[in-house]
Structure formats: structure tokens, C-alpha cells
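Please read the structure below before turning to the comments.
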């Protein structure tokens, strides 16, 4: 016990010295208004982080709640995703059954379904631009074996997942959008929808601020220490104490603690508006490694990390010529073969993945917990993970 207090005192001394050494310039007013009497601190202002904070406010109306975000806007994937309200295409489901039991898979899909309902209930369909146009998995002609395998298993998967949706989710539909080089049939998930990611995140931020939750952007957390009674949080240029710390950094989790979660960069491009665009819905290709949708008379297309997994396992944002070339090729040869288009711009997001799709929601120490590794399903499960994380304390 004596060793613990000596270590803690040394750590606090280091904190104090380091703050002066690095030129900390926080005033009395800044400490008093933002860093005093902090009951709960959430790292990350994405879907998980903000729903964690909102759940804490619901449970503890008078608590001091602080959210720290390293970016000017929520970093990672919450403002960078494609806006798919999805639950897994049939080829993804079948692939996941190789790594999960049937019971585990049903629980995963059930969490996605309930998570979307929670997000819709929390913010409202109009606010988030929710539309249920169905999600279609398309199969290249050269992947006839994959299509046949999925087709042969539709009945079994529908039987497995019907208790979640209260109806069979998958059906066969025709290639009505004129994609070229693909099987004449899609396998459609009738419950899959799409949202406007920007509107969704703006609404969450507004809701959090109205709930008297302090949100600080451009604030990088470098480390933390659970002292037993509280948590000392070290940021760039200053430190403070909080009663509880909840980490919602998803793909960036390894930068703060050791858990089995790896970063996975997802690259995206979007076209300029296309006159009379008839494509409507969300679409998956090659077990979900490519995906596209319509938005504001444009096509948004992402994916391609399967071309070079090693390079895309990174904390760095950016695009590569390899992936960008492949995405442009899919647009010109498969999605819009007879329609002139121009690429407007592109971006990337960082997901959190691991050997299994199950998220990591756990208590790390007396006063620290995390909700990370959303496996590319942040829109579907983010709100649910946030509430479960908040309920740890």
C-alpha cells in the first residue's frame, strides 16, 4: 500500500512539473469552469461517446460531465462513415458464422437491430434523415459460386434471424438498377436503411450541449492513471482529476491501453451530383469490403482495405492510389457504366476491428471503463454500446 502512495505522489509530481515545463497556461477561470468537480469524463465525442454522456446525464442529473475530443470535429469514424443502418449482408453473416457460434451471431445482429432503433428513438427519423430503401448485396459474374452459396443458405439464415426482425430479412430481387458485370439477382435485406451522418452527429452534439455536458475539442489525452479514488488525466499541456473515466475511442483504443482492437482505415469517394440518378438504396459487394449508396443525387462509394490489409491497419487518415483507382474502376465499369460522372472528393475514417465482431465493453480498473471495437458497425451499435458503457458506473 505504501508503494502505491509513493508511486502516486511521484506521478502527480511528474504531472505538475511537466505541465510547467510544457508551458501550461490555463487560468483560474478555466480550471474552475471546466476541470473542477468533474464526476465523469468521456474520451471521444463520436456516437459512443455522446450517447455515453447522455445516458450518464439521465442517470445523474447533477453530475459534472466532460467529453474530450482530439479533433476539431469527432474523429475516427462517426463523422466519416457511409451512413449505412445495416445489420450484415448475407455473405457477411455466413462469413461471421465461421468465427462465431449461431447464438453469438444472433446476439450480434440483435444488438445491431436494437441499436438502430435506439438511435432513431433518441434523435428521430427526420432529424437523422433515416430512409428504409433496403440493402442489396450484389455479386460479380465471376463470383457465381459465392452467389450460389449465399442463395442456397437464404432459408437457413432467415430461420436463424427471423426472431430478431420478426420477419424473414433476406429475399431475392432483380438487378433493376442496371449494374454491369454482376449476377442478374441481388440478395436484399429488406430492413436495411440509410441515414445522413452529418445531421445525425450534429443532432447528438446539440442534444449533449443542451443537457449541460461540456465538450472540449482539439484536446488530446496522452495518458491516465487510476489512483483508486479518482483518475488523473494527462492531456497536452495540462492535467486534471475526474471521478470516473470512460473511453470511447474505438479504433484508437491502443493509443491509450492494451485491448484486442486494431485500427482499420476505410477510404471513401463521392461523385458530383448526377442528373436523373435512379440508383436508390445501400449496396454491398464482396462480403462488404465494398459498399455504396445514393445521397443528394450523388454516389458515395467506399471500401477496398482488403486490397492491402497491412497498409490500411493504421491510425493515419489519408488515401492511397491503389484503393482510389479501384473505387473509380468500380464506378465506371459496374455502378455507372453508361452514365458520365466526376469524382468530387474523397476522405477516410478509422474503424476499430478485431478477431471477432463483438464490441469490447468492460471495466478496466476501479474507475475506468471502455466501449471500443465496433467492427465497422458504429452506426448500428454505437448508441447501444454507449448506453452499456455508461451503465457500468
In the range 39-51, is there at least one residue being at pLDDT 90 or above, in contact with a strand residue (DSSP E or B) (Cβ under 6 Å, 6 or more places away or on another chain) and in a helix (DSSP H, G or I)?
yes
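Tell me, yes or no, whether the range 152-164 has at least one residue that is within 18 Å of residue 335 (Cβ to Cβ) and modelled with pLDDT of 95 or more.
At the first step, the residues of the range 152-164 found to be within 18 Å of residue 335 (Cβ to Cβ) are none.
Checking the range 152-164: not a single residue is within 18 Å of residue 335 (Cβ to Cβ) and modelled with pLDDT of 95 or more.
Within the group 109, 72, which residue is out of contact with any strand residue (DSSP E or B) (no Cβ under 8 Å at 6 or more places or on another chain) and within 22 Å of residue 269 (Cα to Cα)? Let's see the steps before the verdict.
On the way: 109 fails: within 22 Å of residue 269 (Cα to Cα).
Exactly one residue qualifies, and that residue is 72.
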Yes or no: residue 144 in the same structural domain as residue 281 (by TED's automatic domain parsing), under 23 Å from residue 285 (Cβ atoms) and at pLDDT below 95?
yes
Taking residue 344 as meeting all but one of (1) at pLDDT below 95; (2) closer than 26 Å to residue 200 by Cβ; (3) loosely packed, with under 14 Cβ neighbours inside 10 Å, write down the number of the exception.
(1)
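Among 82, 63, which is the only one that is modelled with pLDDT of 95 or more and within 22 Å of residue 251 (Cβ to Cβ)?
Details: 63 fails: within 22 Å of residue 251 (Cβ to Cβ).
Residue meeting the stated conditions: 82.
The values are calculated or read from the model by the stated rules, or taken from the named source; none is laboratory data. Since the model is a prediction, treat every value here as computed from it, not as a measurement. Quick reminder, even Gly has a Cβ in these numbers, built from the backbone with ideal geometry, and neighbours come from all protein chains shown.
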